[in-house]
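Okay, so here's the structure we're looking at.
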Amino acid sequence: MASTLTVSQLNRYLAMNIKQDMKLNNIAVTGELADLKANFRSGHMYFSIKDSDAKISAVMFSSCVQRLRFMPKDGMQILALGSIEYYERDGKMEIKCTDMTPLGEGAQKAALERVKQKLSQMGVFSDENKKKLPESPRKIGVITSLDGAAVHDVLSVIERRFPSAQVVISQTSVQGVYAEQDICKAIKRADNCGCDVLILTRGGGSGEDLKTFNAESVTMAVYNCKTPIISAVGHEVDTTLCDYAADMRAPTPSAAAEIAVPQSKDLSKTLAIYENSINTAMKTMLDMYYSRFERLCGRMLSVSPFGTIEKYETKLSQLDKRINTAVNSAAAYRCHTLEREYSRLCALDPLAVLKRGYAHVTDENGKTITADTANVGNTINIKTSEIEMTAKILTVNKDN
């Protein structure tokens with residue numbers, strides 16, 4: 001007889017066995033997303049995975065939802081990773097998803113979106129990092145395949161618009177197994193040959209044909225290019241990651257060439273306008289500086305030190321004359337006074353007295369003989385204006 005179980009016992013038994021089955025703890029299920037609902041408050045996501053014959057409920061908690069790199073939508077084919085959970089209370093079984101990956105075309109779009117978001121966060125597509133294109137490039141590098149029509153369109157436009165420009169072609173394959181590697185090398189090669197601007201181009205094609213220009217390595221090669229680069233990949237409706245990373249995007253190869261070079265006739269007109277503007281500006285500037293020079297000359301004359309110097313030179317000359325006159329007058333007066341005093345000194349000169357016939361009589365010690373010192377027998381010296389004599393006193397007459 002079959003054992004009798006309560007609902008709780010049955011559900012507990014099923015939950016325990018499902019939990020212990022290692023095959024159900026780490027499974028991968030493919031199918032179509034359906035009944036997708038997201039709880040914006042908790043961040044959890046509830047949905048179903050179905051195929052043509054069956055459906056199973058599933059849940060993904062917010063911590064896992066935040067790691068998704070694509071936006072799940074109903075009808076999308078996915079690969080879900082997780083484990084089977086059985087809830088005893090409700091007798092309900094569902095997949096507890098930990099990760100989810102889109103399949104087929106959706107996977108490619110999701111992968112492309114992941115690369116785009118990554119590069120965007122790195123600033124690869126930022127306008128702040130884009131370089132300004134030169135107005136009149138002398139040397140233009142074209143990165144493309146020689147087999148396509150794009151290179152002929154570019155060369156034709158450059159020859160027509162700006163024939164003086166030098167064109168350097170950096171050949172590369174634009175699709176195929178090795179295209180990604182070839183394009184990166186071609187960009188680096190063109191970047192190192194001294195060009196003023198580069199054009200990365202190819203003709204139109206399917207999304208599969210253009211996928212090389214969505215590759216992360218090619219997009220980074222465009223971004224890291226030191227020379228300003230124009231991207232013209234495909235036709236106007238096609239847009240690749242290289243278009244976003246380039247300094248300028250052109251809808252077609254011909255348009256890229258028109259953006260890269262000016263029209264020679266337009267350039268001649270522009271140069272004529274610039275020349276006229278420069279001449280006018282120079283004349284205006286020269287007139288302004290000449291007027292300013294004249295004003296400064298007038299101000300210099302008004303504050304020039306030469307007038308003051310001339311005035312003081314005249315005053316100095318007058319003072320010099322007055323000083324010379326005063327010095328000469330004082331010198332003449334001093335000479336006259338000197339002559340007068342000299343005459344007086346000459347009158348008092350004892351030699352002059354001797355010249356008149358007098359004599360100077362001294363004792364042996366050179367003292368003048370007086371009535372008190374004149375004694376008989378003393379030796380005396382007698383000096384006249386012409387001779388000196390030594391004598392002895394024989395007699396002394398002290399009478400007047």
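A short reminder: the numbers here are calculations on the coordinates, not readings from a lab. None of these values were measured; they are calculated from a predicted model. So basically every Cβ, Gly included, is an ideal-geometry build from the backbone, and we count neighbours across all protein chains shown.
Ranked by the mean number of other Cβ atoms within 10 Å of their residues, highest first, the peptides 58-69, 315-326, 230-241 fall in the order 230-241, 58-69, 315-326. Of the GluC sites (Glu not before Pro) in segment 144-221, the ones in a loop by DSSP (not H, G, I, E or B) with at most 15 other beta carbons within 10 Å are GLU208. Could you list, in their original order, any pairs among LYS116/LYS269; LYS116/LYS188; LYS96/LYS118; LYS116/LYS265 whose Cα atoms are separated by more than 32 Å? Among LYS116/LYS269; LYS116/LYS188; LYS96/LYS118; LYS116/LYS265, the Cα-Cα distance tops 32 Å for LYS116/LYS269; LYS116/LYS265. I'm spelling it out carefully: the read-out is semi-axes √(5λ) of the Cα gyration tensor in Å, the candidates are (1) 130, 44, 22; (2) 45, 22, 18; (3) 33, 27, 23, and one was derived from this structure. Which label? Matching entry in (1) 130, 44, 22; (2) 45, 22, 18; (3) 33, 27, 23: (1). Straight-line cross-link reach from LYS392 at under 17 Å between alpha-carbon atoms covers these aspartates and glutamates, not counting any fewer than eight positions away in the same chain: ASP363, GLU364, ASP372. Cα centroid distance between segment 14-75 and segment 322-400, in Å? After rounding, the separation between the Cα centres reads 154 Å.
Highest average first, the peptides 334-343, 186-195 ordered by how many other beta carbon atoms sit within 10 Å of their residues are 186-195, 334-343. Straight Cα distances below 23 angstrom link LYS355 to the lysines LYS367, LYS383, with same-chain residues fewer than 8 positions distant left out.
Each part reduced to its alpha carbon centroid, segment 263-310 and segment 118-177 end up 44 Å apart. Taking one quarter of the surface of the C-alpha convex hull of segment 137-262 gives a mean projected area of 6.3 nm².
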